1. Is it fair to say Val104 is within 28 Å of Phe162 (Cα to Cα), of a type outside the set (Asp, Glu) and in contact (Cβ under 8 Å) with a residue 60 or more places away in the chain?
2. Is at least one residue of region 186-202 among the charged types (D, E, K, R), farther than 30 Å from Arg123 by Cα and open to solvent by less than 70 Å² (accessible area, probe 1.4 Å)?
3. Pairs, please: C-beta under 8 Å, at least 6 apart or cross-chain, first residue more than 16 Å from Asp241 (Cβ to Cβ) and in region 327-347, second surrounded by fewer than 17 Cβ atoms within 10 Å (Cβ to Cβ) and among the hydrophobic types (A, V, I, L, M, F, W, C)?
4. Among Leu284, Leu307, which is surrounded by 15 or more Cβ atoms within 10 Å (Cβ to Cβ) and within 25 Å of the chain's Cα centre (by Cα)?
5. Limited to region 68-90, what total is found for residues that are over 12 Å from the mean Cα position of the chain (by Cα) and not in a loop (DSSP other than H, G, I, E, B)?
6. Filter region 310-321 for residues that are open to solvent by 40 Å² or more (accessible area, probe 1.4 Å), among the small types (Gly, Ala, Ser) and touching a residue at least 40 places away in the same chain (Cβ under 8 Å) and give the result.
7. Sort out which residues of region 62-84 are crowded, with 22+ Cβ neighbours inside 10 Å, hydrophobic (A, V, I, L, M, F, W, C) and more than 21 Å from Ile149 (Cβ to Cβ), and write them in order of number.
Amino acid sequence: VGEAAVISGLDAVGAKTITEVVNHLNEIKKVRPTPPLRVPEKYRDLVLFSSIQGQESAKRGITIAAAGFHNVLMWGPPGSGKTLLSKALVELMPAMSVAESLDVAKIYSSVGLLKGNPLSLERPFRSPHHTTSAPAVVGGGTWPKPGEISLAHRGVLFLDEFPEFPRNVLEALRQPLEDGKITVSRAAGSVEMPAKFMLAAAMNPCPCGNHGEEKLTCICSPISILRYRKKISGPLLDRIDIQLNVPRESITSGRLSMTAEDPRKKITLAQEIQQARFKGSGILFNSEISYKNIEKYCVLSQEAEELLNRAVNNSSLSLRSYHKIKKLARTIADMDNSELIRENHIAEAVGLRINDKMASDLA
């Protein structure tokens, strides 16, 4: 009855026994309808985000990710704050609409995970351990049921120790990252489950975590470092919009230069612009723009187009990367309240997309 009460236009009447049902139908003793549940409309407090000292470039990166629902990979040594940054993503992200919340509630109801108020505007945050099996992550089983990617629908799927996940689990993410859904087929039939999630992944530069550090010694052999990094395939890496270096911060690092209100204001502005732009199209965020309508929604200035073409040609990027950079620049332009994507927006998007340190270290 609690779940039914969230649907507008219905009188949800809940009875505990058959006797109550018979008495209600015979009008002997009516059961009162459950009053409609109010949907809480409160943002999460920026507790985690405000507690992060330094890491300004990484905080800028996750702010852009939250504004446009872009996938993000954080790369750096242990203890640099990658997990904290990922958890802060949910604080930054705009609250779900009622329609989004209903979609999420249906998924959680199907596996009996609804607790308390069945309707919440807070976006899901799922963080499976790297020993989790493929069916538990993508969904499946004898009788297919939603996995972690569907439970993270419209929210964040955080994969810590990214290369430690089995290869088949990581490769299974490729289709849902592209399509926003997962199709599980079994002998009895197939079922399609929603999986529009933001992937937030974190990894170390090597198994011991000290590769590239000046004051610490890496004990990993070159072949073990290469084997560790090769667990993240090129096609999977190509589907991640933002790739951030998160170095260790010293205790003497400067304090926050961004106030707690700054990122939320820019994200809210970008969300309002996206809602107006995509009204009636079925698209909610810039990351969902397809190659069919990218020219319509991502209009670049001539200087920006030239810069993007040079970056793509010089780095031999794929067509998917070309489109990812455009969509990322669209979000950055929205945060600046600019209808036209300008040269500085493309420059920042290219910097977030191409992880030069990771590429040079791997070489």
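The values are calculated or read from the model by the stated rules, or taken from the named source; none is laboratory data. Since we're looking at a predicted model, the values are computed, not measured. All Cβ positions, even for glycine, are placed from backbone atoms using ideal geometry, and neighbour counts span all protein chains on display. Just the protein is used for accessible areas: all its heavy atoms, side chains included, with ligands, DNA and RNA removed. Shrake-Rupley method; radii C 1.70, N 1.55, O 1.52, S 1.80 Å.
1. Working: within 28 Å of Phe162 (Cα to Cα): yes; of a type outside the set (Asp, Glu): yes; in contact (Cβ under 8 Å) with a residue 60 or more places away in the chain: no.
Answer is no for this residue.
2. Scanning region 186-202, I find no residue that is among the charged types (D, E, K, R), farther than 30 Å from Arg123 by Cα and open to solvent by less than 70 Å² (accessible area, probe 1.4 Å), so the answer is no.
3. Asn337/Leu269; Glu339/Val299; Leu340/Val299
4. Values: Leu307 fails: within 25 Å of the chain's Cα centre (by Cα).
Selected residue: Leu284, the only one of Leu284, Leu307 that is surrounded by 15 or more Cβ atoms within 10 Å (Cβ to Cβ) and within 25 Å of the chain's Cα centre (by Cα).
5. Step one: list which residues in region 68-90 are over 12 Å from the mean Cα position of the chain (by Cα), which gives 74-85.
Applying the additional criterion that residues be not in a loop (DSSP other than H, G, I, E, B) yields 74-75, 82-85.
Residues that pass the stated criteria total 6.
6. At the first step, the residues of region 310-321 found to be open to solvent by 40 Å² or more (accessible area, probe 1.4 Å) are 310, 313-320.
So of that shortlist, the ones also among the small types (Gly, Ala, Ser) come out as 315-316, 318.
Across region 310-321, the qualifying residue is only Ser318.
7. Once the filter is applied, which keeps residues that are crowded, with 22+ Cβ neighbours inside 10 Å, hydrophobic (A, V, I, L, M, F, W, C) and more than 21 Å from Ile149 (Cβ to Cβ), region 62-84 yields Ile64, Ala67, Trp75.
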